[in-house]
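As structure tokens, the structure follows; a few thoughts come after it.
The values are calculated or read from the model by the stated rules, or taken from the named source; none is laboratory data. Owing to the predicted nature of the structure, the values given are computational and were not obtained by experimental measurement. Because the Cβ atoms are built from the backbone with ideal geometry, glycine has one as well, and the counts that use them run over all protein chains shown.
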Amino acid sequence: MQNTIKLNVVKNFKIFALVAVLCVLPGLAALVGAPFGLDLFNLDVDFVGGTTMHYALHKEVTADDISQIYQLVESASGTPASSVVTTGDGTEVIIKTLSIPAETRDAIHESLAGHFSLTSDDRLNVDNVSPAVGKDLRTSAFKAAGVASLLMLLYITFRFNFTSGAAAVICLLHDVCVMLSACVLLRISINTGFIAAALIIFGYSINASIITFDRIRENGRLMQREGRENLVNVSVQQTITRTINTTLTTLFTIVALFILGVPSIRTFSLPIIIGIVSGAYSSTFLAGPLWALLNNRKKAK
């Protein structure tokens with residue numbers, strides 16, 4: 001089977017791998033250093049504890065209202081709110097901030113009451129979230145990521161083989177670490193929304209890698225006399241257009257959310273944007289060469 005190779009991902013794998021390592025270093029450093037007191041992540045109230053305030057506004061809460069609440073909270077407390085989200089039937093909001101004293105909470109209430117004509121009864125609830133709760137949430141997040149990675153490894157091993165599963169999980173962890181690096185460098189808040197975004201990327205990234213491995217398996221039947229390098233290069237070349245098209249069509253929607261959304265939506269959508277781009281990179285430039293590398297080492301043993 002004759003093919004014109006336009007993209008030699010196997011030959012240039014060291015370059016692609018170096019770029020990948022540089023992208024994940026900040027996130028890995030923050031992750032490894034966190035238990036030793038290295039505080040590089042911008043952890044939100046969900047993880048470090050803080051104050052939540054639940055208000056009834058008695059009107060449909062709009063994006064402009066949420067933006068106004070952000071401004072009022074920052075003006076009254078001196079620090080920005082971690083998040084402002086609607087709840088109930090869309091006429092109530094929950095405001096999350098870092099731990100603040102009672103007088104600051106009262107100042108925020110007076111500011112909101114003046115703007116939205118609220119009474120003391122409209123402050124439905126005020127809670128302080130303990131840091132211990134945040135620690136349990138962090139532990140649960142790590143467990144969820146570990147279980148998801150293990151199940152995906154088992155699934156891809158069953159559908160293809162172990163080397164495909166190992167390569168896919170490495171690419172998956174690469175994408176999540178790139179998201180963590182972006183959080184460190186751009187000071188993106190890490191909250192429950194980020195965990196949801198990471199789990200979304202888990203599914204997106206693994207699907208993109210499966211497309212590559214599926215094409216490698218199909219071409220393997222037709223290119224039995226050719227080496228793995230040529231097999232991987234041809235397969236990546238055949239799937240790269242599909243990867244680019246899928247990535248762009250997905251990004252159009254998420255970028256629109258980021259541009260038009262309120263701050264809490266931007267905090268959720270930005271990690272997804274980074275994860276989607278990273279997933280396209282890893283499935284194109286890392287998955288196939290890693291598969292070839294692992295198979296070559298297995299054969300050598």
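Of the helices (runs of 4 or more DSSP H) that lie entirely inside the range 29-148, those containing 2 or more residues that are hydroxyl-bearing (Ser, Thr, Tyr) and under 25 Å from Phe194 (Cα atoms) span 63-77. Scan the range 157-186 residue by residue and report those that are crowded, with 23+ Cβ neighbours inside 10 Å, under 22 Å from Asn296 (Cα atoms) and aliphatic (A, V, I, L, M). Within the range 157-186, Ala167, Ala168, Leu172 qualify.
Those residues that are within 14 Å of the chain's Cα centre (by Cα) and either on the phi > 0 side of the Ramachandran plot or among the charged types (D, E, K, R) (or both), I need them from the range 254-301; list them, please. Arg266 - this is the single residue of the range 254-301 that is within 14 Å of the chain's Cα centre (by Cα) and either on the phi > 0 side of the Ramachandran plot or among the charged types (D, E, K, R) (or both).
Hey, does the range 282-298 have a residue that's closer than 30 Å to Val73 by Cβ and among the β-branched types (Val, Ile, Thr)? Walk me through how you get there before you give the answer.
Just the residues of the range 282-298 that are closer than 30 Å to Val73 by Cβ, to begin with: none.
No, the range 282-298 has no match at all.
On the basis of being within 18 Å of Ser189 (Cα to Cα), buried (at least 18 other Cβ atoms within 10 Å of the Cβ) and in contact with a strand residue (DSSP E or B) (Cβ under 7 Å, 6 or more places away or on another chain), does Ile69 make the cut? In short, no. One residue alone among Ser264, Ser209, Ser282, Ser269 is within 30 Å of Thr86 (Cβ to Cβ), in contact with a Leu (Cβ under 9 Å, 6 or more places away or on another chain) and of a type in the set (Gly, Ala, Ser), and that residue is Ser269. Working carefully through the options Asn245, Asn230, find the one that is more than 15 Å from the chain's Cα centre (by Cα), modelled with pLDDT of 90 or more and not hydrophobic (A, V, I, L, M, F, W, C). After ruling out the rest, the residue left standing is Asn245.
Determine whether Thr250 is under 30 Å from Leu43 (Cα atoms), out of contact with any Leu (no Cβ under 9 Å at 6 or more places or on another chain) and of a type outside the set (Phe, Trp, Tyr). Spell out how you get there, then give the answer.
Values: under 30 Å from Leu43 (Cα atoms): yes; out of contact with any Leu (no Cβ under 9 Å at 6 or more places or on another chain): yes; of a type outside the set (Phe, Trp, Tyr): yes.
Answer is yes for this residue.
The residues listed here are Asp39, Asp44; of these, the one that is crowded, with 18+ Cβ neighbours inside 10 Å and modelled with pLDDT under 90 is Asp44. Inspection of the range 204-218 identifies at least one residue that is more than 15 Å from the chain's Cα centre (by Cα), over 18 Å from Cys171 (Cα atoms), outside the structural domain of Ile69 (by TED's automatic domain parsing) and without any contact (Cβ under 8 Å) to a residue 40 or more places away in the chain. Before we move on, is Ser77 crowded, with 22+ Cβ neighbours inside 10 Å, in the same structural domain as Leu124 (by TED's automatic domain parsing), closer than 21 Å to Ser130 by Cα and touching a residue at least 12 places away in the same chain (Cβ under 8 Å)? No; evaluated as a whole, the condition is false for this residue.
On the stretch given as the range 144-156, residues that are of a type in the set (A, V, I, L, M, F, W, C) and either buried (at least 16 other Cβ atoms within 10 Å of the Cβ) or in contact with a Gly (Cβ under 8 Å, 6 or more places away or on another chain) (or both) total 6.
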